[in-house]
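A quick write-up on the structure given underneath.
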Amino acid sequence: STISKNSLKTSLLQLECHFTWTLLKEHVSLEALEETVLDHIKFVGEYNIVDYNMLSYVCHLKNSDEEALRNLKKAEEAIQKHHPDEIARRSLVTWGNYAWIYYHMQRYEEAQIYVTKVEDSFKKLSSTAHGKIQLPEIYAEQGWALLRFGNNYWEKAKNCFENALKSEPDNPDFNAGYAIVMYRLEGFAQRYYEEMSPCLEALERAVELNPRNTTIMALLALELQRLKRVNEGERYIEEALQITPDFPVFLRYAASFYRRKGEVDKAVKILKKALELTPKCVTLHHQLGLCYKFKILELKRARYTPKEEVENLIQLAIFHLKIVIEKKPIFFSAHSDLANTYALGKRYEEAEEIFQGVLQRSELSCGEKQEIYFHYGNFQHFHMKSESKAIKYYIECLKIKKDSYGRKKCREAVETLLKKKIKSGLGDATDIATLGLVHNLNGEKQEAIECYEKAIALDPNNEDYQNALSELQLSI
């Protein structure tokens, strides 16, 4: 009957599980996410419960509810194995997912059974606590889920792990999740010039509580490297290589460490080994592409460039980067990496097509768009030898007001270009006025006014310059 269906929906919305945590599929590439979770299950035994719950949700998003139920069954088996004394407490998320999946399959009686199971367990658990009880492991599981759905969710994930840690400050798993999310947020803040919250302490604490968790050891090493404490970092990488020589997630970070250190051949070797273990991992293909790109630039700078070797590396880089954008189209920086690689191989039409394609994407964030304009401007400047087009795209970036690494780079590039032109005597009124626009977009009104005055002196009848000048004078 419809009444039971409506009241069922109301009860379902009260549950704490993947279906109520607003994890939107447009923020991930489902296929890539599914492979990540499957790889994790294969190589990390103990978190299976969280992984199977996550997998059930991903299967549902892919419209395979039968498969989703099979994964929940596996989560239940893992709970019986790892937590035989607290089955109800540990099953709340799993049962919540069951209820939602049965509801979507229109099997309302079964959905109701699971809703009741959760409600009864909550009552039992709450009778020993005060009021509605918030379980730390549910916060943590939500944190792990948010972490997997990408950077739009990281702030929220951080709050989840903080809530979990309030009840159990020494829990190794909660500290691990918190440290990972802090590391990611710091990297993100560096790129987009946001408030930094240092993650070093969180990582050190997590390593102390998880002495065999090589993922966190590797992140600590990368953070020490970021802080110019490379030798300390390398010690963690070497120790972790002894503990888990065959764990792909760790190997990926170890490769990243060596690539940033400039030991690219070592990084390539590690990445190839990891790729044998998890051949579909998008991040490994991306990292390999970056390594080959680094080697191409290195060889092009050498006194004698070995043409064949460069050509071979270009093919390899393109091969790996194409896999990345096919499997994970929302990995936007990889589009620039691929376009730049085409340009290095003088395949300009293909590069142009990739840039144009990614700039059309509606889901780009401001910071991502600015970064792509910077790469596209460089492409026009250095490969297509068109300064005017380069200036146009650098300015498109500056029109986006957000402060970011990409914006800073565009500003430096466009100012250098224009000033060089003006200084050499080749600059005309247009260039001087354009520099005025750049100053204005950066909030430097006085410098902008001076530029427009000079431009008008050279081209007294230009109405655009006069309008821009009067607007500026009014705004001061």
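The values are calculated or read from the model by the stated rules, or taken from the named source; none is laboratory data. Just so we're clear, the structure is a prediction, and the values are computed from it rather than from any experiment. Cβ sites come from the backbone with ideal geometry, for glycine too, and all protein chains shown count toward neighbours. Accessible surface is based on the protein model in full, side chains and every heavy atom, while ligands, DNA and RNA are left aside. Shrake-Rupley method; radii C 1.70, N 1.55, O 1.52, S 1.80 Å.
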| task | Quick one: in segment 412-429, of everything that is at pLDDT 95 or above and of a type in the set (Val, Ile, Thr), which residue is surrounded by the most Cβ atoms within 10 Å (Cβ to Cβ)? | result | 414
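Which residues, counting only those in segment 10-45, are part of a loop (DSSP other than H, G, I, E, B) and either among the hydrophobic types (A, V, I, L, M, F, W, C) or touching a Pro at 6+ places or on another chain (Cβ under 8 Å) (or both)? Steps first, answer last, please.
Looking only at segment 10-45, we keep the residues that are part of a loop (DSSP other than H, G, I, E, B), and these are 15-17, 21-24, 28-29, 44-45.
15, 17, 21, 23, 24, 28, 29, 44, listed by residue number.
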| task | Report yes if residue 409 is touching a helix residue (DSSP H, G or I) at 6+ places or on another chain (Cβ under 7 Å), in contact (Cβ under 8 Å) with a residue 60 or more places away in the chain and either among the charged types (D, E, K, R) or surrounded by 21 or more Cβ atoms within 10 Å (Cβ to Cβ) (or both), otherwise no. | result | no
| query | Has segment 68-80 got at least one residue that is open to solvent by 10 Å² or more (accessible area, probe 1.4 Å) and in contact with a Cys (Cβ under 9 Å, 6 or more places away or on another chain)? | reply | yes
| query | Among the candidates 363, 311, 298, 371, which residue alone is surrounded by fewer than 23 Cβ atoms within 10 Å (Cβ to Cβ), modelled with pLDDT of 95 or more and not assigned by the TED database to the domain that holds residue 31? | reply | 311
| message | Among the residues in segment 46-53, are any more than 22 Å from the chain's Cα centre (by Cα), over 25 Å from residue 139 (Cβ atoms) and part of a helix (DSSP H, G or I)? | response | no
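Could you tell me whether residue 4 is touching a residue at least 12 places away in the same chain (Cβ under 8 Å) and surrounded by 18 or more Cβ atoms within 10 Å (Cβ to Cβ)? If you could, list the steps in order and put the result at the bottom.
Working: touching a residue at least 12 places away in the same chain (Cβ under 8 Å): yes; surrounded by 18 or more Cβ atoms within 10 Å (Cβ to Cβ): no.
No; evaluated as a whole, the condition is false for this residue.
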| request: Residues being touching a residue at least 24 places away in the same chain (Cβ under 8 Å) and either charged (D, E, K, R) or part of a helix (DSSP H, G or I) (or both): count how many of those fall in segment 147-161. | output: 9
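Hey, does segment 172-184 have a residue that's free of Cβ contacts under 8 Å to residues at least 12 places away in the same chain, of a type in the set (A, V, I, L, M) and open to solvent by 10 Å² or more (accessible area, probe 1.4 Å)? So that I can check it myself, show each step before the final result.
Initially, segment 172-184 is screened for residues free of Cβ contacts under 8 Å to residues at least 12 places away in the same chain, giving none.
Within segment 172-184 (the criterion being free of Cβ contacts under 8 Å to residues at least 12 places away in the same chain, of a type in the set (A, V, I, L, M) and open to solvent by 10 Å² or more (accessible area, probe 1.4 Å)), the answer is no, since none of the residues qualifies.
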| Cβ-Cβ below 7 Å, separation at least six or inter-chain, first residue in segment 359-379 and over 15 Å from residue 331 (Cα atoms), second of a type in the set (Asp, Glu) and open to solvent by 20 Å² or more (accessible area, probe 1.4 Å): which pairs? | 373/396
| Total residues in segment 185-214, condition surrounded by 20 or more Cβ atoms within 10 Å (Cβ to Cβ) and within 16 Å of residue 240 (Cα to Cα) | 5
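For segment 314-357, how many residues meet the condition of being within 23 Å of residue 380 (Cα to Cα), in a helix (DSSP H, G or I) and of a type outside the set (Gly, Ala, Ser)? Outline the logic, then answer.
Initially, segment 314-357 is screened for residues within 23 Å of residue 380 (Cα to Cα), giving 314-315, 317-318, 321-322, 325, 331-357.
Narrowing the set further to residues that are in a helix (DSSP H, G or I) leaves 314-315, 317-318, 321-322, 325, 332-344, 348-357.
Now narrow it down to the ones that are of a type outside the set (Gly, Ala, Ser): 314-315, 318, 321-322, 325, 332, 335, 337-338, 340-342, 344, 348-350, 352-356.
Here the count works out to 22.
Among what's in segment 387-408 and is more than 20 Å from the chain's Cα centre (by Cα) and hydroxyl-bearing (Ser, Thr, Tyr), pick the residue that is farthest from residue 356 (Cα to Cα). Spell out the reasoning first.
Filtering segment 387-408 for residues more than 20 Å from the chain's Cα centre (by Cα) gives 387-401, 408.
Going one step further and asking which of them are hydroxyl-bearing (Ser, Thr, Tyr), we end up with 388, 393-394.
Details: 388: 18, 393: 12, 394: 15 Å.
Top of the filtered list is 388.
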| query | Can you name the residue in segment 319-352 that is more than 17 Å from residue 386 (Cβ to Cβ) and out of contact with any helix residue (DSSP H, G or I) (no Cβ under 7 Å at 6 or more places or on another chain) and, of all such residues, is surrounded by the fewest Cβ atoms within 10 Å (Cβ to Cβ)? | reply | 326
